[in-house]
Amino acid sequence: MRNLLTGLALAGLVAGPPAAMAQDTKFAQLGQELPTPNTYRTASGAPGHAYWQQRADYNIQVELDDEKQAIKGAETITYTNNSPDMLSYLWVQLDQNIYEPKSMSNLTRTGELKEKMSLQAVEYLTREKFDGGFKIESVKDQNGKPLRYTINNTMMRVDLPAPLKPGQRTSFSIAWHHNINDQKALGGRSGYEYFPEDGNYLYEMAQWFPRMAVYDDVNGWQHKQFLGSGEFALPFGNYKVSITVPADHVVGATGELQNANQVLSATQQKRWAEAAKSDKPVVIVTQEEATRAEKNKAKGKKTWVFAAKDVRDFAWASSRKFIWDAMNVKVGGQNVLAMSYYPKEANPLWGQYSTESVAHTLRVYSKHTIDYPYPVAISVHGPVGGMEYPMISFNGYRPEADGTYSDQTKYGLITVIIHEVGHNFFPMIINSDERQWTWMDEGLNTFVQYLAEQEWERNYPSRRGEPQKIVEYMKSAKNTQVPIMTNSESVLQFGNNAYGKPATALNVLRETVMGRELFDYAFKEYAKRWAFKHPMPADFFRTMEDASGVDLDWFWRGWFYTTDHTDIAIENVKWYTIDSQDPEFVNAQRRAEQNKAPKTLSEQRNLQDIPKTLVEKKPSLKDFYNSYDPLATTAADKQKYQHFMSGITPAQKKVLESGLNFYEVAFKNIGGLVMPLIVRMAFEDGTEEVVNIPAEIWRYNNEEITKVFVTEKPVVAFELDPYLQTADTDLSNNSFPRRLTPSRFDLFKHNSQPQPNPMQQEQVTSRQNRGSATQ
């Protein structure tokens, strides 16, 4: 039903703040939540003129024991104190100590037993039996004298003989060894995989050496214990690493290979040089060569030497099973060697997709952040499902034994490579504190991963990034959620909280709140400002606002500091048209509406049950009002109209005669998260219009607002968030009139037998067709 507005009431349509406002803190500026700017970190989000960071350079020698699955190493660390502080001790991370039987991680790990459990699950519960952890043999100063040290779980304090003054550097050495974990049985970010078919091992080595902790202007020493979820905070430095392995092993590592002429055959060196110029993968170590090495197992050892500049960590992989391919990628005028190492069990999938995925990642990430600065980028296939280090990543997914694979496996491989190689940017270069803030590396990386996936293929099946993909998490029970701004070791629903939600938030910022141009400029500015530095959350928040000119405090507060969710409803719509005051027109319109009005049930039955009313039987009971027509136009009506028209301006007359439609739409914020309103109006003639209203419409009242829409054509339906831009958790209240949202029954028949993938099914069909043709 529509209502009529008098011409004089038009002035009241332009409304200011409501008289009664529901005040809240949703649009309050982030004050106490963010640290006070200083000379190290500015209010703009940029590093200050006095910004500083420490440096740690490494010279390491390590040897792999392929018989005992262990390594033995020695390292010299040169530590430079660029801080304004005197340091009387240094903190070193001992991440392998997570595998010590009595480690804090093992002792605090919760679990439950079931009547039926897999052998793998029970094996995992016996993790404490593994003799893991660093065995520190010695800690010595640069003159070879023992240094006092204290091990506290996954941290080691090294006491200096004299305080290290600002601007000074010191060198010390550590000798150590440790056993390598069976990654498939015990989990973790590194380890070995055993192949019983040929009796060989594949090693992916990470967190394998004692590493310097970060000392910075925000935390002092970041020596929060490593419990498993919170990853790493590490300083930049140069590395020279010598890795001794069995003579027939192939090694991939962070950095550039320094002695190719000593570890590669002449043919392999020639292929390597060819790959450096090729725009498609060139195989350096072939599957045939790897298969021969698997069978023959050469005696002796080789030492592979790698050097890396300005990296925060070093990882490597080694196996005689490795096939190795590489191709050149041009990034910002620099040649980068994209490479993959994988066993034959990974083919044909890896040979087709791995290195191409590495190259694609470098191109897309460089476009959105900074040009990739390192000389190589590597994807290694092994037991680790997905893990990242400078210039090298460990990635899962392999085909079936017959070489076929499902689409989930194919896209799973491409996705994990994009994600892990993308970590070169977050946090290997833009070096956030993962021990404290997982979202700053995983969330930002997952967002750019989504952009890269969409550039790989139309309709790429991205798991995260699109707002509707985070809806189930956002509407889950509040006691199972924590804000994004939660310490890494205390996060619940880790994947949703640290990966999915921040990635979705950035996508919403880019597409709906800021727009691509403003967002992309600000995001790239953040990457440029903090490349090879240590950013904190406030630096990201402030830079995004500083470089875009958009006040986003309400957005950071809602998405990052609370567990509010988006659920905005269209509560009601009132339709108004203008009362023209012309009695002939108005009365005719009212008469038409009166005639079209349906008769009530009682009126319909009375026509049948009451042949004649009393007045119909006795006409003498009629008087003036029985013949009076209230919708008839009188002389007084015409005189009143003429008087009204004589007192209005030409502009008011134009509005009066416009025939415009006015709709008062009431919105209710049920979920608590203030968001922009994207309103689609469907018109009577089949056309539509979408109106984008900034989130600031909620600034006077965070809970309920009304908005007036003026249209030339009648609206038949209003719809909120028609393109699923805001992660609205309840679409049933987004339409007016209400519209049913479809759901489905999932019917299934239990089948314990593994089903063939589509490639296998196609092969079976082809064989059957060939068999039928020969009969």
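A few notes on this one:
- Of the trypsin sites (Lys or Arg not before Pro) in the range 406-486, the ones in a loop by DSSP (not H, G, I, E or B) with at most 10 other beta carbons within 10 Å are Arg458.
- The separation of the range 204-227 from the range 361-405, counted between C-alpha centres, amounts to 24 Å.
- Taking a quarter of the surface of the Cα convex hull of the chain gives a mean projected area of 52.1 nm².
- Local charge for Arg169 was computed over the other residues whose Cβ lies under 12 Å away, with Lys and Arg +1 and Asp and Glu -1, and equals +1.
- Projected area averaged over orientations for the range 671-720, convex hull of C-alpha atoms, nm²: 3.7 nm²
- A convex hull fitted around the alpha carbon atoms of the range 532-624 yields 274 Å³ per residue.
- The loop-placed chymotrypsin sites (Phe, Trp or Tyr not before Pro) in the range 594-701, going by DSSP, that have at most 13 neighbouring Cβ atoms within 10 Å of their Cβ come out as Tyr628.
- Binned Cα-Cα distances of the range 432-475, short to long, each 10 Å bin given as a whole percent: 26, 44, 28, 3
- For the peptides 63-75, 381-393, the ranking by mean Cβ contacts within 10 Å, running from highest to lowest, is 381-393, 63-75.
- Net charge of Cβ neighbours under 10 Å - reference Arg211; Lys, Arg +1; Asp, Glu -1: -2
- Values of log10 I(q)/I(0), in the order q = 0.13, 0.25 Å⁻¹, for the range 587-678 under a Debye, Cα-only, solvent-free model: -0.87, -1.34
- Among Phe644, Val708, Val665 - extreme Cα towards positive end, dipole of the range 624-749, charges at beta-carbon: Phe644
- Note that the range 99-115 has calculated 3J(HN,Hα) couplings of 8, 5, x, 9, 5, 4, 4, 5, 5, 9, 6, 8, x, 8, 10, 10, 5 Hz, one per residue in order, obtained from phi through the Karplus relation 6.51 cos²θ - 1.76 cosθ + 1.60 (θ = phi - 60°); glycine and proline are x.
- Annotation: amide H-H contacts under 5 Å for Glu571 (H modelled 1.01 Å from N, sequence separation of 5 or more, or interchain): Ala666, Phe667, Lys668.
- With all protein chains kept in place, the per residue accessible area of the range 343-386 amounts to 24 square angstrom at a probe of 1.4 angstrom.
- Placing R0 at 30 angstrom, the Cβ-Cβ distance between Glu274 and Asp371 gives a FRET efficiency of 0.75 after rounding to 0.05.
- Cα-based shape type of the range 238-302, given that a ≥ b ≥ c are square roots of the gyration tensor eigenvalues and the cut on a/c is 1.5: oblate
- Residue-count net charge about Asn59 - beta-carbon cut-off 10 Å; Lys, Arg +1, Asp, Glu -1: -1
- About its Cα centre, the dipole of the chain is roughly 400 debye, where the only charges are +1 on Lys and Arg Cβ and -1 on Asp and Glu Cβ.
- Put simply, the range 354-406 fits an ellipsoid with semi-axes of 25, 13, 8 Å; these come from the alpha carbon gyration tensor as the roots of five times its eigenvalues, largest first.
- The fraction of accessible area contributed by carbon and sulfur in the range 467-568 is 50 percent, rounded to a whole number (1.4 Å probe; ligands and nucleic acids excluded).
- Residues in the range 297-307 carry Karplus couplings, in order, of 6, 5, 7, x, 9, 9, 10, 9, 10, 10, 10 Hz; the curve used is 6.51 cos²θ - 1.76 cosθ + 1.60 with θ = phi - 60°, and Gly or Pro positions show x.
- For the range 228-354: span of alpha carbons on each principal axis (Å, largest first): 42, 35, 33
- With the charge dipole of the range 358-424 set up from +1 on Lys and Arg Cβ and -1 on Asp and Glu Cβ about the Cα centre, the Cα lying farthest toward the positive end among the listed residues Tyr405, Leu362, Ser379 is that of Leu362.
- Scattering curve values for the range 336-434, log₁₀ I(q)/I(0), Debye with Cα scatterers, q = 0.10, 0.21, 0.24 Å⁻¹: -0.25, -0.98, -1.21
- Note on the range 181-294: with neighbouring protein chains present and a 1.4 Å probe, carbon and sulfur make up 46 percent of its accessible heavy-atom surface.
- Per-residue ellipticity at 222 nm from helix content only, as computed over the chain with -39500 (n - 2.57) for each DSSP H run of at least four residues, stands at -8000 deg cm²/dmol.
The values are calculated or read from the model by the stated rules, or taken from the named source; none is laboratory data. Since we're looking at a predicted model, the values are computed, not measured. Don't worry about glycine lacking a Cβ; one is built from the backbone with ideal geometry, like all the others, and counts go over all protein chains shown. Surface accessibility is based on the protein's heavy atoms, side chains included, excluding ligands, DNA and RNA. Shrake-Rupley method; radii C 1.70, N 1.55, O 1.52, S 1.80 Å.
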